Each structure stands twice: as structure tokens, then as C-alpha cells.
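Notes for the one structure printed next.
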Amino acid sequence: GLLSNRVVGVVADTGHVFVASDFGLAVAASASLTSATEPTSAARFRPIATLPSLSGMVQAGPNILLCKDDGETFTLAGNPDGSQLRVNAAAWPRPSGAAGYRLLALEQNVWLLSNNGSYRAQLEETEAASKTPSFVAFNQTAADQQLKSNLISALTVDAQGRLWAGSFRNGIDVFTADGKLAAHLESDELREINSLTEDREAQTMLVATSQGLLRFNSDFRATDRWSTADGLLSNSVM
């Protein structure tokens with residue numbers, strides 16, 4: 001019953017599982033996905049909306065947001081029991097020519113990431129289903145203060161509110177809470193960033209790369225690197 005096998009987002013909410021694919025949105029009752037009594041050939045999902053080029057879906061507070069590859073965004077509205085569901089367009093002044101949009105809910109913000117930079121909206125702005133999130137450009141300042149790459153592969157916010165953005169080829173950019181570049185970290189070992197995880201107790205950031213696992217302290221200095229020589233089964237840490 002899925003509209004496509006290329007799934008770009010999944011949200012489980014109020015007894016239902018919503019699945020966004022690159023051709024649209026479908027829903028199934030959670031119980032129907034675990035029941036052993038229904039025949040396996042039965043379609044478990046029913047379509048909500050056909051949306052070609054759908055590229056992302058996240059839960060933002062009590063609501064569900066969706067976006068297309070070109071940055072067109074939508075909110076999901078309907079009854080909590082899953083009936084009368086519909087998708088409403090949510091307009092925002094997105095720039096022309098941008099593509100590759102995807103959604104990410106992180107801390108108190110909803111992010112739209114694209115090949116033309118990053119945009120964010122405060123999470124509380126999405127709490128009312130009728131209210132359109134106000135996405136604004138993040139870090140659209142002088143060239144020396146911008147992201148070194150728009151191909152972002154990992155993103156997290158540390159305990160100090162700093163945004164760590166890891167890229168595929170250009171290391172890591174760290175921004176303060178007000179969008180100023182705090183540090184750019186790049187080396188032969190710091191490439192193909194796959195994941196960023198903060199150890200808040202130790203006040204360090206663990207960085208998974210294709211060259212092993214690295215640890216940075218709060219001053220952005222690399223203090224450790226672990227590889228197959230230390231017992232990892234591969235240097236490509238996911």
C-alpha cells in the first residue's frame with residue numbers, strides 16, 4: 001500500500017504510522033502492522049496524498065511537517081483517530097533555484113537543509129496546525145562566516161547551544177547559537193563525517209568518519225582518534 005518504495009520519512013503518532021515516500025504520504029494503524037491474524041497479502045497502508053518529489057517528513061511538537069525537494073512545505077491535519085486526514089500547503093519565502101531540501105527536527109528548531117544553505121523555524125511556531133512555520137536563513141552572512149559545504153551529512157547541537165555541521169568533504173563547521181562561525185575543523189582524517197554525538201558528561205564531541213572515530217574537546221581540539229589498530233572492526237564508522 002505504500003505509494004513508493006523509496007521512503008524518505010517515518011513518524012509514529014497516536015496509534016498510527018505515517019510513511020512519506022518520494023511519491024506521497026500513506027498511513028496505517030500501528031496495530032495492523034503487528035497483527036498476525038491479517039493475511040500477509042493485505043495492503044496495510046492507505047494513501048493520504050500523492051506528492052511527487054516528497055523528500056522529508058518530521059514530527060514537530062504535536063504536528064507533522066513534510067517537504068518536497070524544491071522546498072515546498074506542508075502540514076498534516078485531521079482527527080487524532082486517523083480519519084479525514086489531509087495535507088495543507090504551508091507557504092514560506094523559499095529562494096528560487098534551490099533543491100535537495102530535507103527536514104530535520106533538532107532541539108528547539110525545525111531545520112530545512114538544501115543545496116542553497118540551511119533554514120530554521122522555532123519549534124513553538126509549529127504547535128498550532130493553522131500556523132505556518134517561519135523559516136529564516138541561517139548563517140547567510142559574509143563568505144568567511146558561511147558553511148564551507150552545503151553537503152551536510154551530520155548535524156547536532158551541543159550543551160552550549162553550538163551547532164556542529166559535518167560535511168562529506170570539508171570537515172566540520174561549528175556555529176554559535178546566534179549563527180557566527182566559531183570554528184572550522186578539517187584535516188586528512190576529518191572527512192566523510194557520518195555522525196556527531198556529544199558526550200555531555202565529558203564535554204566532548206565524538207565524530208564518526210570514514211577514517212575512524214575522533215574526539216574533540218570543548219575548545220575544538222582533537223584529543224583522541226581510534227581505528228582498527230585500537231580494535232575497531234573497520235575505520236569506516238557509521
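Given their separation in residues at 0.36 nm each and the Cα-Cα distance between them, A29 and S234 gain 69.8 nm when the chain is fully extended. Averaged per residue, the chain has 50 square angstrom of accessible surface, using a 1.4 angstrom probe with ligands and nucleic acids left out. Here the dipole of segment 162-238 is about 100 debye; that uses its Cα centre as origin and unit charges on the Cβ of Lys and Arg (positive) and Asp and Glu (negative).
The residues neighbouring D178, those whose beta-carbon lies less than 13 Å from its own, together hold a net charge of +3 under the Lys/Arg +1, Asp/Glu -1 convention.
When nucleic acids and ligands are ignored and a 1.4 Å probe is applied, M238 ends up with an accessible area of around 150 Å². Summing charges over neighbours of V87, with a neighbour being any other residue whose Cβ is under 12 Å away from its Cβ, gives +1 when K and R count +1 and D and E count -1.
Just from its helices, what would the mean residue ellipticity at 222 nm be for the chain, if runs of 4 or more DSSP H residues each count -39500 (n - 2.57) and the sum is divided by every residue, rounded to the nearest 500 deg cm²/dmol?
Mean residue ellipticity at 222 nm (helix-derived): -500 deg cm²/dmol.
For log10 I(q)/I(0) by the Debye sum over Cα atoms at q = 0.09, 0.10 Å⁻¹, computed directly from the structure shown, the correct entry in (1) -0.46, -0.56; (2) -0.59, -0.66; (3) -0.37, -0.46 is (1).
Taking the 1.4 Å solvent-accessible surface of the chain as the whole, the part contributed by carbon and sulfur is 48%.
The values are calculated or read from the model by the stated rules, or taken from the named source; none is laboratory data. Please read all numbers here as calculations on a predicted model, not as lab measurements. For neighbour counting, all protein chains shown are included, and Cβ atoms are generated from backbone atoms with ideal geometry for every residue, glycine included. Accessible surface areas use protein heavy atoms only, side chains included; no ligands, DNA or RNA. Shrake-Rupley method; radii C 1.70, N 1.55, O 1.52, S 1.80 Å.
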